[in-house]
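Shown next, in structure tokens, is the structure this report addresses.
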Amino acid sequence: MPELPEVETVCRGLAGVLEGRRLARVIVRRKDLRIPFPPRFAESLTGRRVEKIRRRAKYMLLDLDDGQVLIVHLGMSGRMVLDSSGTPPAKHDHVIFTTDQGAEIRFNDPRRFGLMALAPREGLEHHKLFRHLGPDPLTPEFTAAALSAALKGRKTSIKVALLDQRIVVGVGNI
């Protein structure tokens, strides 16, 4: 499963291609991944400008110009592939984003454990995917004192505690 560093790397790589660009075309090639796509998913995204790409835990967040956020989780095997070859989509290219500059980003996920959802940017921290998450280890809020307080009184191994996304997000088994 992609962990925080891999997701951060994907976000940074996509930023140069997507930030400030409009999604001229969005093609959804199946009805669901781990969860169903929101109703009118492709239509909701088509024409939107990506203002910023950021990360929360193991989720990529694409802030859109209409106040919505495209939430993307890569799951176990998902990848965002920049394709400029013009080749037909592969079997597991489930969502295809084309920007106003012609860049094509394909969400490829053979195991379909990834997900995509839309949510309002306002109050995103209360969304069911995020409300239980602890601090991000790359933020100023994550300090030795905060970690010590979160671990206080726990009777579990340090590995199990660090894998608990309520304690600290993004840490995985790798």
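So that you can scan it fast, the table gives a plain yes or no per residue for (1) part of a loop (DSSP other than H, G, I, E, B); (2) surrounded by 15 or more Cβ atoms within 10 Å (Cβ to Cβ); (3) out of contact with any strand residue (DSSP E or B) (no Cβ under 7 Å at 6 or more places or on another chain); (4) small (Gly, Ala, Ser):
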site: 101; (1), (2), (3), (4): yes, no, yes, no
site: 134; (1), (2), (3), (4): yes, yes, yes, yes
site: 147; (1), (2), (3), (4): no, yes, yes, no
site: 150; (1), (2), (3), (4): no, yes, yes, yes
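Of the residues 79, 111, the single one that is among the basic types (Lys, Arg) and in contact with a strand residue (DSSP E or B) (Cβ under 7 Å, 6 or more places away or on another chain) is 79. Exactly one residue out of 57, 24 is over 30 Å from residue 134 (Cα atoms) and either open to solvent by less than 70 Å² (accessible area, probe 1.4 Å) or out of contact with any Asp or Glu (no Cβ under 7 Å at 6 or more places or on another chain) (or both): that is 24. Of all residues in segment 27-54, those satisfying the criterion of being of a type in the set (Val, Ile, Thr), more than 27 Å from residue 138 (Cβ to Cβ) and buried (at least 16 other Cβ atoms within 10 Å of the Cβ) are 28, 46. With respect to being open to solvent by less than 50 Å² (accessible area, probe 1.4 Å), in contact (Cβ under 8 Å) with a residue 40 or more places away in the chain, assigned to a loop (DSSP other than H, G, I, E, B) and not hydrophobic (A, V, I, L, M, F, W, C), residue 75 fits the description.
Total residues in segment 138-172 satisfying the condition of being closer than 15 Å to residue 4 by Cα, without any contact (Cβ under 8 Å) to a residue 60 or more places away in the chain and polar (S, T, N, Q): the figure is 1.
The values are calculated or read from the model by the stated rules, or taken from the named source; none is laboratory data. What you see is a predicted model; the values in this text were computed from it and never measured. Quick reminder, even Gly has a Cβ in these numbers, built from the backbone with ideal geometry, and neighbours come from all protein chains shown. To get the accessible areas, we keep the full protein, side chains included, count just its heavy atoms, and leave off ligands, DNA and RNA. Shrake-Rupley method; radii C 1.70, N 1.55, O 1.52, S 1.80 Å.
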